[in-house]
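Below is one structure, written out as structure tokens; comments come after it.
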Number of protein chains: 2
Amino acid sequence: MKNEVVTLAQGAGGKQTSQLIHEVFAKHFSNPEFTADDAAVLSLGDGKIAMSTDGFIVSPFEFKGGNIGKLSICGTVNDLACMGAKPEYLTCAFVIEEGFPIAKLEEIVTSMEETAKKVGVRIVAGDTKVAGKGQVDKIFITTTGVGRLTPGVNTSGALARPGDCVIVTGDIGRHGCTILLERENLGIEADVTSDCAPLWDAVEAVLSATHDVHVIRDATRGGVGTVLYEIAEESNVGITLDAKNIPVEGAVEGVCGMLGLDPLYLANEGTMVIVAPESEKDKILEALRKIDHTKKAAVIGTVSSDMPKKVVVTTEIGAKSMIPEPGGELLPRIC
Amino acid sequence: MKNEVVTLAQGAGGKQTSQLIHEVFAKHFSNPEFTADDAAVLSLGDGKIAMSTDGFIVSPFEFKGGNIGKLSICGTVNDLACMGAKPEYLTCAFVIEEGFPIAKLEEIVTSMEETAKKVGVRIVAGDTKVAGKGQVDKIFITTTGVGRLTPGVNTSGALARPGDCVIVTGDIGRHGCTILLERENLGIEADVTSDCAPLWDAVEAVLSATHDVHVIRDATRGGVGTVLYEIAEESNVGITLDAKNIPVEGAVEGVCGMLGLDPLYLANEGTMVIVAPESEKDKILEALRKIDHTKKAAVIGTVSSDMPKKVVVTTEIGAKSMIPEPGGELLPRIC
């Protein structure tokens, strides 16, 4: 690799992260079950299970709409949900800085408990390590989950087909915007709350309405733009977005306008992209809109065979432009 | 809790770690599958699986006999093995400090690959986060594993019975001694190599010889002494050790003598304690001694109903003394 040291960009979820994964990890860990999707699909005994892991190092560890504990449960639950797997069991491993307040730890653990109960997933094993002062920044949590695959459901980033519609399950960019405002001293006053939420109930509702869904992916690090580029790449299709249909909260739009950011590249922690045949669109939207957290679900684009591996956006005056390919350092320690 | 902040002692694997787990984690995460053993036993579909997670923050990340990558595979493989579960799938989550050399990362990943291949476990999913300089000390890895339980095997720290024999699978204290020598500037020259190794082959050999095994536990943080106290406590039994039968390498004994340390409390990363009925002793020793890594296996003591929850040691001149209860800060960041 040209870079001789690990860079923040390699942790940002974009192109450099993929490069690191392919050139270092995948090269050595390659096996039939090694996954590029949100969770691996495994045979164990008689059944098929999904398994996923995620490390959380978000800074600050508390933010409007959640904390690192809630986030650590949502992140892994949502990765399983995106494979159509009902989250069953979670493990969690903590690395805590010496001197971290026990009262804060208890708040974090309480959020984990509440979020796990809401989903119906059980935390079954854990590990605790303490590092000396200055050896870890406050608290990191890694969660790993296993779940049962919904029979008859087969989703993957490689399954988008020309003619499919592209749905987002809510307004975009809130988690990234929240962390940005809490961390950087930007002097911007804006009322933005992270979308951090578990999404299994939404996925379950969609899969109860139809099994004919091609891709479900949560738009975390790198945002909706990065996920769409991944899908375009893996499925070898083009994606065209309709700018006016992309739901963005006014406050998020305002912050993005001031800072020259695109909400398409801000992280979400409770918002998914769903790609499905046009025929299933109404059933999926109806199912999502019955659930409080996904009631703003909207169709934002279509899949075509034109311009494979590219994502373009049509503006309100009808102009078409390619959205930038993800990459570079977006905002480190967003999750 | 009396401590208002997290302390290094709470990460040392002794009494304070248990206290933190009970008073903060177990209180909130309590459910029928939440485990005090090395891995949780779970129902998933038609079968039973074991699941375990472990975070690795060892410093230095390279040491004689291994590195954090090898250790991260061994640690989780061994936790599954100790439940009598064949390790099937692993996930790994990395937190890497900005500026970490890619060449070192590749060495670590290569060790993980080699160790996983040796065991026959597949790495199926991963996650990579990068933290800024000074926000994490070089590299932390969390691995999580699932495995299939060997039918008919039922081991737990609570199953030791009076009359059982206590076996260690090799000479003790090498991992802790190695890290101590590499990290502290003690001016001691000693040729000690970590025992870091995967133990599934040893467990498989034992279980092929007999299913009548009560406890299998790897003696990591806190060493053999801490594990024996855990077993004595959970099974409500007393344990008597015979000092002359405890295998300790000369170099480890020498270092311990100079520093006033007890090898019983030094960490191991490839050495287990096995408690089984006296009738199974010879079969178990024979199975272990056929495997290179466990050929120094020895019976070191017996279980009785006397002095429940205590561990005593008989010295060569016949004196009996209680070994100290584990606790306090042993050596942070040993694993």
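Of B:15/B:310; A:104/A:133; B:70/B:104; A:27/A:86; B:117/B:296; A:117/A:138, which ones are farther than 21 Å apart at the Cα? Don't skip to the answer; put the middle values down first.
Numbers: B:15/B:310 14 Å; A:104/A:133 17 Å; B:70/B:104 13 Å; A:27/A:86 30 Å; B:117/B:296 25 Å; A:117/A:138 26 Å.
Pairs exceeding 21 Å: A:27/A:86; B:117/B:296; A:117/A:138.
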Can you give the log10 of the normalised intensity I(q)/I(0) at q = 0.13 Å⁻¹, computed with Debye over equal Cα scatterers of chain B? -1.00
Give the nm distances, rounded to one decimal, from residue B:99 to the matching residue in every other copy, measuring between label points 7 Å along Cα toward the beta carbon; shortest first. 2.0
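At a 10 Å Cβ-Cβ cut-off, how would you order B:22, A:211, B:175, A:28, fewest neighbours first? Don't skip to the answer; put the middle values down first.
Working: B:22 11, A:211 15, B:175 33, A:28 19.
By the 10 Å Cβ count, ascending, the order reads B:22, A:211, A:28, B:175.
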How big is Rg to Rh over the protein assembly as shown, alpha-carbon atoms, Rh as the Kirkwood inverse-mean-distance radius? 1.00
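Semi-axes of the equivalent ellipsoid of the range B:266-317: what are they in whole Å, largest first, if each equals the square root of 5 times a C-alpha gyration tensor eigenvalue? Could the numbers behind the result be given before it?
Numbers: eigenvalues 103, 46, 25 Å².
Semi-axis lengths for the range B:266-317 are 23, 15, 11 Å.
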One decimal, nm, shortest first: give the distances between the label point of residue A:4 and those of the same position in the other copies, each label point 7 Å from Cα along Cα→Cβ. 4.8
State, as an integer percentage, the relative contact order of chain B based on alpha-carbon contacts under 8 Å between residues 6 or more apart. 24
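Fewest first, what order do B:34, A:140 take by the number of other Cβ atoms within 10 Å?
Working: B:34 16, A:140 31.
So the residues, fewest neighbours to most, are B:34, A:140.
Hey, what number do you get for chain B at 222 nm if only DSSP H runs of n ≥ 4 count, each worth -39500 (n - 2.57), divided across all residues, to the nearest 500? All intermediate terms of the calculation are to be shown ahead of the outcome.
Details: 8 runs with 90 residues, N = 335.
Helices in chain B give a 222 nm mean residue ellipticity of -8000 deg cm²/dmol.
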Please give the Cα centre distance for the range B:97-139 versus the range A:7-79, rounded to the nearest Å. 14
Which whole-Hz ³J(HN,Hα) couplings does the range B:298-310 yield from phi under the Karplus relation 6.51 cos²θ - 1.76 cosθ + 1.60, θ = phi - 60°, glycine and proline marked x? 8, 7, 10, x, 9, 9, 9, 8, 6, 6, x, 6, 10
From the phi angles alone, apply the Karplus equation (6.51, -1.76, 1.60; θ = phi - 60°) to the range B:183-199 and give each ³J(HN,Hα) in whole Hz, x where the residue is Gly or Pro. 9, 8, 8, 8, x, 9, 9, 8, 8, 10, 10, 4, 7, 2, 6, x, 10
Let's see if you can work this out: charge +1 on each Lys and Arg Cβ, -1 on each Asp and Glu Cβ, no other charges. What is the dipole magnitude of the range A:231-335 about its Cα centre, in debye to the nearest 20? 160
Value in Å of the Kirkwood radius, where the range B:165-322 supplies the Cα pairs that are averaged: 15.9
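So how strong a dipole does the range A:164-322 carry about its Cα centre when Lys and Arg Cβ are +1 and Asp and Glu Cβ are -1, to the nearest 20 debye?
200
Taking the inverse of the average 1/r across all pairs of different Cα atoms in the range A:36-155, what Kirkwood radius in Å do you get?
It is 14.9 Å.
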From the residues B:303, B:213, B:235, which one has its Cα farthest along the dipole of the protein assembly as shown in the positive direction, the dipole being from +1 and -1 charges on Cβ of Lys/Arg and Asp/Glu about the Cα centre? B:213
In whole angstrom, the spacing between the Cα centers of the range A:213-289 and the range B:261-294 equals 55
I need the inter-copy label distances for residue A:183: point set 7 Å along Cα to C-beta, values in nm with one decimal, smallest first. 2.8
How large are Rg and Dmax for the range B:127-210 when only the alpha carbon atoms are used, in Å? 19.2, 55
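Listing A:161, B:221 from the residue with the fewest other Cβ atoms within 10 Å to the one with the most, what is the order?
Numbers: A:161 15, B:221 25.
With the sparsest Cβ surroundings first, the list reads A:161, B:221.
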Could you work out Rg/(2.2 N^0.38 Å) for the range B:63-222, with Rg from alpha carbons only? 1.16
Using a Cα-Cα cut-off of under 18 Å, which aspartates and glutamates could be cross-linked to residue A:320, ignoring same-chain neighbours fewer than 8 residues away? A:242, A:262, A:306
From the phi angles alone, apply the Karplus equation (6.51, -1.76, 1.60; θ = phi - 60°) to the range B:232-244 and give each ³J(HN,Hα) in whole Hz, x where the residue is Gly or Pro. 4, 5, 5, 9, 6, 10, x, 10, 10, 9, 9, 3, 5
About the Cα centre of the range A:157-218, what is the dipole size in debye to 20, counting +1 per Lys and Arg Cβ and -1 per Asp and Glu Cβ, all else neutral? 260
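Every number in this text was worked out from the coordinates using simple rules, so none of it is lab data. Note that the structure is a prediction, hence the values are computed from the model and not measured. Every residue, glycine as well, gets a Cβ built from its backbone with ideal geometry; the counts of neighbours run over all protein chains shown.
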